[in-house]
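Heads up: the structure comes next, in structure tokens.
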Amino acid sequence: MAGIWIIANWKSNKSIAEALEWIDIIGPKLPETENLKIAVCPRFSVLAEVKKAVIASNFPLLVGAQDLSPYGAGAYTGEEPAELLHDFCDLAILGHSERRKNFAETDEMIAEKVKQAKESNIIPLVCVQDTDTMVPEGTQLIAYEPVWAIGSGNSDTPENANEAAGKIKEKWGQDLKVLYGGSVSAENAKSFTDMPHLSGILVGTSSFDPDEFLKICQTFVL
Ligand code: PGA
């Protein structure tokens, strides 16, 4: 779990063709340093294609889902169970504020999703909106994302984000790795990870364009 995490969240965007084009542009140029963990999280129906493309060219890129089922395989129409997803993904974003708000996800559901992910060797990346949001047992990776900063162009300050990350660790466990998310760009990305309590970034809008996301990744290489 050590190192800096740079995670692209494509949300409900990109056709298979657009996704593969992004991988083609970015893959060969990604920095290959031990301490960087770079991941892309496409929507479900693009996951397998992206994972195949990454494996075929051996790009230094992890692949993540944006959600998964709180249940295992079975009679749960419309859900994606971790045990069937794990062939295509290394991690899963869980409890994003857009899911809590638009799909009524509760802390209890998110805790079940964390359990399912871990049982299938998928790393859960749990999004919390403030320092009080419940962090389910067994979580190691958190993204602190204040709702007002998401997609607004107004990021939190590195100092505030660092303070929040420190509080989250105090409350939920000192071993947690905390990332910051909310209007991260190439201009501000490094200022967050320079903070002692922050271990990476979760990037939405600025990850959609491959050149922009590449710029963010390259700010972490001297
Ligand atoms: P943003 O999204 O970078 O567009 O603010 C971040 C997120 O929703 O994870």
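The values are calculated or read from the model by the stated rules, or taken from the named source; none is laboratory data. Note that this is a predicted model, so its numbers are computed, not measured. Cβ sites come from the backbone with ideal geometry, for glycine too, and all protein chains shown count toward neighbours.
Only one of the numbered conditions (1) outside any strand (DSSP E or B); (2) out of contact with any helix residue (DSSP H, G or I) (no Cβ under 7 Å at 6 or more places or on another chain) is violated by residue 202, and that is (1).
Being under 21 Å from residue 11 (Cβ atoms), surrounded by fewer than 17 Cβ atoms within 10 Å (Cβ to Cβ) and modelled with pLDDT of 95 or more narrows it down to one residue among 184, 147, 114, 203; which is it? Quick ask: steps written out before the conclusion?
Working: 184 fails: surrounded by fewer than 17 Cβ atoms within 10 Å (Cβ to Cβ); 114 fails: surrounded by fewer than 17 Cβ atoms within 10 Å (Cβ to Cβ); 203 fails: surrounded by fewer than 17 Cβ atoms within 10 Å (Cβ to Cβ).
Answer to the selection: 147.
Cβ-Cβ contacts under 7 Å between residues 6 or more apart (or on different chains), taken from a first residue in region 123-151 that is within 22 Å of residue 70 (Cβ to Cβ) and touching a residue at least 40 places away in the same chain (Cβ under 8 Å) to a second residue that is among the basic types (Lys, Arg) and part of a strand (DSSP E or B), are listed as 140/177; 141/177. Of all residues in region 69-96, those satisfying the criterion of being among the small types (Gly, Ala, Ser) and surrounded by fewer than 20 Cβ atoms within 10 Å (Cβ to Cβ) are 72, 73, 74, 75, 78. Taking the criterion of being surrounded by 16 or more Cβ atoms within 10 Å (Cβ to Cβ) and either out of contact with any Pro (no Cβ under 7 Å at 6 or more places or on another chain) or farther than 13 Å from residue 88 by Cβ (or both), the residues of region 44-55 that qualify are 46, 47, 48, 49, 51, 53, 54.
Every condition in (1) farther than 25 Å from residue 68 by Cβ; (2) part of a helix (DSSP H, G or I); (3) within 11 Å of the ligand (Cβ to nearest atom) is met by residue 192 except one, and the failing one is (3).
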